[in-house]
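Worksheet: one structure, shown below.
Since every read-out is calculated from the coordinates, none of them should be taken as a lab result. Just so it is clear, the structure is predicted and the values come from calculations on it, not from any experiment. A quick note on method: Cβ atoms are made from the backbone with ideal geometry, for glycine too, and the neighbour counts reach across all protein chains shown.
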Amino acid sequence: MPEYLVEPFDTPDGLKSMQAFINEKAAEGYALHQAVPESTCRWVLIFSSLSCAQRPAI
């Protein structure tokens, strides 16, 4: 079963900071699964564990 990490994220300085945050989570072993906008500058990012994402579905 996939493991998920849900992170709220504000982008007051644009999407470059979001990409940096996504890269940080990738270094921790997570892949971006979905980005959900809550407003113009606020997002909810859903990450899945890379170890689970690489497993074949049964």
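Overview of values
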| item | result |
| --- | --- |
| Note, ³J(HN,Hα) from phi for segment 25-40, Karplus 6.51, -1.76, 1.60, rounded to Hz, x at Gly and Pro | 5, 4, 5, 8, x, 10, 10, 5, 9, 7, 10, 10, x, 9, 7, 4 |
| Sum of side-chain charges, Ala20 neighbourhood, beta-carbon under 15 Å (Lys, Arg +1; Asp, Glu -1) | -3 |
| In nm, spacing of pseudo-spin labels at Thr40 and Ala27 (7 Å Cα→C-beta vector) | 3.2 nm |
| Amide proton proximity set for Glu3, modelled H, under 5 Å, gap of 5+ | Ser49, Cys52 |
| Radius 13 Å from Cβ of Thr11, net charge of other residues (Lys, Arg +1; Asp, Glu -1) | -2 |
| Surrounding net charge for Arg42, when Lys and Arg each add one and Asp and Glu each subtract one, Cβ distance under 15 Å | -4 |
| Under 5 Å, built H, 5+ apart or other chain: amide partners of Thr11 | Arg42, Trp43 |
